[in-house]
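K.L.:
Let me begin by handing over the structure; questions about it come next.
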Amino acid sequence: MTSIDPDDLASDLTIIGTGMAGIAAAVFAVNRKIKTLLIGNTGTSGFASGMFDLLGVYPLKTGQIRIDPWAGIDALVRENPKHPYARIKPRSLSAAIDELLAYLKHAGLDYCTTGKLNSAVITPAGTTRLSYAIPASMKNGVKALHEKKACLLVDFHGMKEYSALQIVSVLQKRWPALKTTRVTFPGYENTSEVFTENMARAIEVPENRKALAMTIKPLLDNAESVGMPAIFGIYNTRHIIRELEKAIGVPLFEIPTMPPSVPGLRLMETIKSDLPARGIKTFFQNRVTSVKQTTDGSFLLTFRTPTGPREVKTKAVILATGRFLGKGLYADRHNIREALFDLPVVQPDTRDQWHQKDFLDPHGHRINTAGVEIDADFRPLNPSGQVVLPNLFAVGTILAHQDWMRMKCGSGLAIASAYAAVNAYLKKSGKSPF
Amino acid sequence: MLKTQVLIIGGGATGTGLARDLALRGVRCIVAEQGDINSGASGANHGLLHSGGRYVFKDPDVAAECRAEAELLKQMAPQCIEATDGLFIAVEGDDEKYAADFPGYCSACGIPVKAVDPREARELEPALSSKIIAAYMVRDATIDPFMLSLQNIFQASQHGTTLLRHHKITGFHKSNRHITSVGLVNLVSGEKIIVEADQVVNAAGAWAGEIAALAGAHIKMAYSKGTLLVTHSRVTSRVINRLRKPDDGDILVPGGTVSILGTTSERIDSLDQIFPTVREADRVVTEGAAMIPELETMRYIRAFAGVRPLISSGENNSDRNASRGHILLDHLIDGLENFATISGGKLTTYRYMAEKTADLVSNRMGITRPCLTRTDPLPAAVPCSWTEPGIAPRRWMKKHTPEDLLLCECEMVPTSAVDNVIASLRDQNGNVDLTSVALRTRVGKGSCQGAFCGFRVAAHMYNTGQLKADNGINDLKKFFRERWKGLRPVLWDGQLIQTELTEALHCGFLGLEIKQENQSDIH
């Protein structure tokens, strides 16, 4: 144990987990001026798509696509009263998203929505997916896909997980005016394998942007817009898009890529640099390894640092550690457990029931609805329905009775539950929400 | 209408071995396979080249046959074989007399065997249990069944053999005591074709009974399903056999960078049930852990199941006791003079089975050229060399150019290997899809089970014009569904985490689970 006094970091609220739910909770806590500590390791946040899905598919049985997520959520909570969405009013969910988007805009990252409806975004497989709030860099792609006018998709030599030709080939029947071309990214003439993150960093340099625009402009033909893999910078995206569009002369858009993707990175980088500036203490590469309760009901958390384990005392915890990939849940050959507090996990009786026989079974796998049950304030419950600890909250994908991968509700779930938990914490601690 | 001298039904080890044997005798063949090379039991086994030790108690003839063939194959196909040696070990609680009798029975079959002190055995193989009571060293080896069959069919093709993948037999036309032609359907395109052949050989493995029935012949078959698990890393350098009456989970066979643990033995009624189950996986793990404790906590990357084709003798209830010897039927009793069935046997004795069958067929056609597979080594063809775990990286590191990007990073499969395999598939006039490329390389077989490389290979195949429209999307779905059968029984701890990532990417992000007709609602 290092000699630092635990009181140095003492906080009212500690958020464990730095995925979507953890950072959303931190944003809401900052806005409410709560003395907060955020600890986690980057883990799954490297896999963030940068898009905020609310609900895309419901019910799973019929695979119904939901252009209007709110109508979908309405049906979902009516038929599945245990789904975490049933614990929050649509009005609050809407307010939570608005608050997060406003925060991001202020921090320099623009998002957009299509009224109150989902937007259709092209994926790198050539399929299309629905999302609610998308990076502004993808907006022109939604329009292009909708109108299906002449459009050019550009990709770059040396990309392994992105083929503009694949996207065009898959979409050709629906969108005959879609064309493709492959170019060498300026300055990468002698590089065999290229990564989106490197290109995004390179494009932050004005000369590289100019060279890219010069490469693409002569290839336009009759294209009315140009789509590229998501590489429009990490820190100055707003400015980069404006400059590139001016130089090329048509609207541009980003197509999301396989993780680790630039839009996800952009989101994480923005929040990572903004939160500490607003007074939150953050530890982004540190896993909380154990937790003890003190006699006054506070928590004593131990987390890993490069110089050894460190302890911190906190009055309340928001658990946002995710599922298996995030290591919030752990499964051995027989059981699923919650990794930090050993909270009760609702789960199927045997391992044979965890997964369907078909990977793509439209119902989804039962293991994906296993998780932690919560009360109306997002506090974990024990099997008899009682709150486990009054000052412990759980948010995000660790929650039971939801299948975020199939219903496409991961970000909405993270944001909604984080919002509700932070407000519930405030209420319990006797402060007003604002 | 296609004409040939011999139609071979089944593209497993026996069928492809027979094609090569006949091709080297100057006989033209067509091999018709309903799936792909080694789709059945030939691709779903330990990859163990038996010393014969396992059969000394119950079937001395098979034991001696294994010994002779294994030694011959080590000379004839060394590129497919790793001469690892093997240990037979008994642990506390196992039958001590059974163990003590082992060397005597081996010697009686001419199988070299050496007693090893248990402490020394643990020095040789540190993963072994401390509860060993007896250990013997034999000349077991490992064999890559995919490389073997691919190389057999490759050389056969160079000598005029035609391979029809994804072709299922629909019926036989007979006249007098002869099969005059055989109807087939291409399961990919739906196209129907007729093959006229002088001789027809049924080498359909577990499906031999169904094929024989179509020809109007009767074979009483039983199906014994065996499930095996693939470990995340190689556990031992030698083959480890439990020295007891054959039972579940008593053989661990290394293969390149992994080990394969198995197997179970379970009667099934239908050939639609060939997939590994959670219960079988648990059974294999528990039993295997008695020999090697770390198998209890080891990460497994997948499971697979195959069916032992057992020609039923009727009275014996235990499939473990059923003979592992082969059966060659001339079907004269069924009133057919140009039809033969080769079934049963072991991967180890595939060459011998092919030779005996080729002798029968040649004899019927009046061909007197001798068998050459006993003396002519199997050529190591490059397009068939990407299957063995650990081989691809060595090859790639040796002659890699910077442009030759790795499409699979778990198993280090470069773009050139994928292109090489695709070109070879085209040469053999077959359709090219993601699954057939995966079968011929290590793509999808590493710890990520295709989460990244499946997508990369599809993207590459679009870029090179191999895939068009939504073929690649359908290919990806098929690829992941196929991988899933093997993953489902081993999903806990590390492999569960991996699978959650796969689902997050391919369902959560790309929406592959969304039905095509619903997908087009998104615009």
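K.L.:
Quick one: residue B:489 ticks every box in (1) modelled with pLDDT under 95; (2) within 28 Å of residue B:278 (Cα to Cα) bar one, so which box is it?
P.N.:
Exception for residue B:489: condition (1).
K.L.:
For the stretch A:41-82, how many residues are closer than 30 Å to residue A:289 by Cα, more than 13 Å from every other protein chain (Cβ to nearest Cβ) and of a type in the set (A, V, I, L, M, F, W, C)?
P.N.:
Here the count works out to 1.
K.L.:
Sticking with this structure for a sec: What are the residues in the stretch A:373-409 that are among the hydrophobic types (A, V, I, L, M, F, W, C), under 20 Å from the mean Cα position of the chain (by Cα) and under 20 Å from residue A:330 (Cα atoms), if any?
P.N.:
Scanning the stretch A:373-409 gives A:393, A:394, A:395, A:398, A:399, A:400, A:404, A:405.
K.L.:
When you scan the stretch A:225-244, do you find a residue that is farther than 27 Å from residue A:270 by Cα and in contact with a Lys or Arg (Cβ under 9 Å, 6 or more places away or on another chain), even just one?
P.N.:
Yes, some residue in the stretch A:225-244 is farther than 27 Å from residue A:270 by Cα and in contact with a Lys or Arg (Cβ under 9 Å, 6 or more places away or on another chain).
K.L.:
Any chance the stretch A:296-309 includes a residue that's of a type in the set (Lys, Arg), surrounded by fewer than 16 Cβ atoms within 10 Å (Cβ to Cβ) and out of contact with any Leu (no Cβ under 7 Å at 6 or more places or on another chain)?
P.N.:
no
K.L.:
Which condition does residue B:196 not pass, out of (1) assigned to a strand (DSSP E or B); (2) in the same structural domain as residue B:289 (by TED's automatic domain parsing), if it passes all the others?
P.N.:
That leaves (2) as the condition not met.
K.L.:
Checking residue B:230 against (1) in the same structural domain as residue B:86 (by TED's automatic domain parsing); (2) over 22 Å from residue B:488 (Cα atoms); (3) surrounded by fewer than 21 Cβ atoms within 10 Å (Cβ to Cβ); (4) of a type in the set (Val, Ile, Thr): exactly one of these is not met. Which one?
P.N.:
With respect to (1) in the same structural domain as residue B:86 (by TED's automatic domain parsing); (2) over 22 Å from residue B:488 (Cα atoms); (3) surrounded by fewer than 21 Cβ atoms within 10 Å (Cβ to Cβ); (4) of a type in the set (Val, Ile, Thr), residue B:230 is out only on (2).
K.L.:
On to the next question. Test residue B:423 against the stated conditions and say whether it is within 30 Å of residue B:29 (Cα to Cα) and not hydroxyl-bearing (Ser, Thr, Tyr).
P.N.:
Taking the combined requirement at face value, the residue satisfies it.
K.L.:
Follow-up question, since we're still on this one. Within the stretch A:108-120, is there a residue that is more than 25 Å from residue A:66 (Cα to Cα), surrounded by fewer than 22 Cβ atoms within 10 Å (Cβ to Cβ) and not acidic (Asp, Glu)?
P.N.:
Scanning the stretch A:108-120, I find at least one residue that is more than 25 Å from residue A:66 (Cα to Cα), surrounded by fewer than 22 Cβ atoms within 10 Å (Cβ to Cβ) and not acidic (Asp, Glu), so the answer is yes.
K.L.:
Taking the condition in a helix (DSSP H, G or I), under 30 Å from residue B:53 (Cα atoms) and aliphatic (A, V, I, L, M), does residue B:212 pass?
P.N.:
no
K.L.:
Against the conditions (1) modelled with pLDDT of 95 or more; (2) in contact with a strand residue (DSSP E or B) (Cβ under 8 Å, 6 or more places away or on another chain); (3) buried (at least 24 other Cβ atoms within 10 Å of the Cβ); (4) of a type outside the set (D, E, K, R), where does residue B:206 fall short? Just the number, please.
P.N.:
(1)
K.L.:
Give the residue, chosen from A:196, A:180, A:191, that is polar (S, T, N, Q) and either within 16 Å of residue A:226 (Cα to Cα) or touching a Leu at 6+ places or on another chain (Cβ under 8 Å) (or both).
P.N.:
A:180
K.L.:
Quick one: residue B:432 ticks every box in (1) buried (at least 24 other Cβ atoms within 10 Å of the Cβ); (2) away from every other protein chain (no Cβ under 11 Å); (3) of a type in the set (A, V, I, L, M, F, W, C) except a single one, so which number is it?
P.N.:
(1)
K.L.:
In the stretch B:484-494, what residues are within 9 Å of chain A (Cβ to nearest Cβ) and surrounded by fewer than 20 Cβ atoms within 10 Å (Cβ to Cβ)?
P.N.:
B:485, B:493 - these are the residues of the stretch B:484-494 that are within 9 Å of chain A (Cβ to nearest Cβ) and surrounded by fewer than 20 Cβ atoms within 10 Å (Cβ to Cβ).
K.L.:
Does the stretch A:156-178 include one or more residues that are surrounded by 18 or more Cβ atoms within 10 Å (Cβ to Cβ), touching a strand residue (DSSP E or B) at 6+ places or on another chain (Cβ under 7 Å) and in a strand (DSSP E or B)?
P.N.:
Yes, the stretch A:156-178 contains at least one residue that is surrounded by 18 or more Cβ atoms within 10 Å (Cβ to Cβ), touching a strand residue (DSSP E or B) at 6+ places or on another chain (Cβ under 7 Å) and in a strand (DSSP E or B).
K.L.:
Filter the stretch B:91-111 for residues that are touching a residue at least 60 places away in the same chain (Cβ under 8 Å) and closer than 17 Å to residue B:64 by Cα and give the result.
P.N.:
B:102, B:111
K.L.:
Anything in the stretch A:125-167 that is closer than 23 Å to residue B:450 by Cα, of a type in the set (Val, Ile, Thr) and more than 8 Å from every other protein chain (Cβ to nearest Cβ)? List them, or say none.
P.N.:
A:167
K.L.:
Restricting attention to the stretch B:400-414, and to residues there that are more than 9 Å from chain A (Cβ to nearest Cβ) and part of a strand (DSSP E or B), which single residue is farthest from residue B:448 (Cα to Cα)?
P.N.:
Ranking the candidates gives B:414 first.
K.L.:
I'm told residue B:120 meets every condition in (1) closer than 30 Å to residue B:435 by Cα; (2) of a type outside the set (Val, Ile, Thr); (3) in a helix (DSSP H, G or I) except one. Can you identify the failing condition by its number?
P.N.:
Result: residue B:120 passes all but (1).
K.L.:
Are any of the residues in the stretch A:377-399 closer than 30 Å to residue B:283 by Cβ and either crowded, with 18+ Cβ neighbours inside 10 Å or of a type in the set (Lys, Arg) (or both)?
P.N.:
no
Residue by residue, here is whether (1) free of Cβ contacts under 8 Å to residues at least 40 places away in the same chain; (2) within 8 Å of chain A (Cβ to nearest Cβ); (3) outside any helix (DSSP H, G or I); (4) over 30 Å from residue A:336 (Cβ atoms) holds:
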site: B:458; (1), (2), (3), (4): yes, yes, no, yes
site: B:467; (1), (2), (3), (4): yes, yes, yes, yes
site: B:477; (1), (2), (3), (4): yes, yes, no, no
site: B:482; (1), (2), (3), (4): no, no, no, no
site: B:496; (1), (2), (3), (4): yes, yes, no, no
site: B:501; (1), (2), (3), (4): no, yes, no, no
site: B:505; (1), (2), (3), (4): no, yes, no, no
site: B:514; (1), (2), (3), (4): yes, yes, yes, no
site: B:517; (1), (2), (3), (4): yes, no, no, yes
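K.L.:
Given the stretch B:241-287, what strands (runs of 3 or more DSSP E) lie entirely inside it while holding 2 or more residues that are within 14 Å of another protein chain (Cβ to nearest Cβ)?
P.N.:
By residue number, no strands (runs of 3 or more DSSP E) qualify.
K.L.:
Among the numbered conditions (1) facing chain A (nearest Cβ under 9 Å); (2) part of a helix (DSSP H, G or I), tell me where residue B:454 comes up short.
P.N.:
(1)
K.L.:
Now for a separate question. Where in the stretch A:303-379 are the strands (runs of 3 or more DSSP E), entirely inside, with at least 3 residues that are more than 12 Å from every other protein chain (Cβ to nearest Cβ) and within 20 Å of residue A:293 (Cα to Cα)?
P.N.:
Counting at least 3 such residues, we get A:310-319.
K.L.:
Among the candidates A:93, A:60, A:37, which residue alone is farther than 18 Å from residue A:413 by Cα, over 15 Å from the mean Cα position of the chain (by Cα) and assigned by TED's automatic domain parsing to the domain that holds residue A:307?
P.N.:
A:37
K.L.:
Which condition does residue A:345 not pass, out of (1) closer than 30 Å to residue A:300 by Cα; (2) more than 24 Å from the chain's Cα centre (by Cα); (3) surrounded by 19 or more Cβ atoms within 10 Å (Cβ to Cβ), if it passes all the others?
P.N.:
(2)
K.L.:
Could I ask something else about it? Of everything in the stretch B:332-359, what is crowded, with 16+ Cβ neighbours inside 10 Å and part of a helix (DSSP H, G or I)? Give them in sequence order.
P.N.:
B:334, B:350, B:351, B:352, B:353, B:354, B:355, B:356, B:357, B:358, B:359
The values are calculated or read from the model by the stated rules, or taken from the named source; none is laboratory data. The structure displayed is predicted, hence computed values, not measured ones. No Cβ is skipped: glycine too gets one built from the backbone with ideal geometry, and neighbour counts run over all protein chains shown.
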